Amino acid sequence: MKMLLYLFVMTSSFGVMANDIGAPFGFEWGQSYHEINKKVPLTDCATKNTLMLCETTEPIQKVSFSDRYIVVIDNKHGLQKVILVSQNISGDISGEEGKALYSKVKQSLTQKYNSPHTDEYLAKKTSKDHDEFYKCLKSDECGNWVSFWQAEDGSSALVELKGLSSGKGYLMLTYQSNKWQQIVNIISTEKRQLDHDAL
């Protein structure tokens, strides 16, 4: 549930922008819960504010390294966000397997959407022990393995390598429609108004 309003804000660098970033894995932006559920088995659905979050392991188009997919559906605008969580990477002491997967996904997205606006890699802390890579990613003391794309219409994609413990991590891939930020702003404004009215 903590991923329901997961946002990523990062300073952009210059580059050629794609016209738009479409919904991945066979989905389409704007699809309703019922439209998606006709094609894809949705489970563990939960609603917060105007958003419904559901999971599936069987999207329309599946990638080989996935574990689960999370769809976020707005009650007015339909599907607006899709998150892929990869299978856990384990026994990867130096992080090489995770870095290779990250590079593979980044290359695919770069071919589709041009160069990312932002790249950030592990840089703030250098560990003497090779098994600290994922533990370092999990901490606040290290940089991140993240690439971010934003299209002219405001849609975006983000790939991030995340740490769990020594030798263990996973990849997360997040797509957002061009309406996502507007929806989040509306929810935030309504929440502030409700708090104000309650005081």
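Here are a few things to note about the model shown:
- Relative contact order [Cα under 8 Å, 6+ residues apart], the stretch 10-115, whole percent: 25
- Option label - semi-axes √(5λ) of the Cα gyration tensor in Å computed here, alternatives [x] 30, 21, 14; [y] 29, 20, 19; [z] 37, 22, 13: [y]
- C-alpha long axis of helix 96-113 to longest principal axis of the chain, angle in °: 50
- CD proxy at 222 nm, helix term only [per DSSP H run n ≥ 4: -39500 (n - 2.57); per residue of the chain; nearest 500]: -8000 deg cm²/dmol
- Overall form of the stretch 128-199: oblate. Here a/c, set by the Cα gyration tensor axes a ≥ b ≥ c, is 1.5 or more, and a/b is not larger than b/c.
- Over 30 Å between alpha carbons, listed pairs K48/K135; K76/K138; K38/K112: K48/K135; K76/K138
Laboratory data are not the source of any read-out in this text; all were calculated from the coordinates shown. Note that the coordinates shown come from a computational prediction; the quantities given were computed from them, not determined experimentally.
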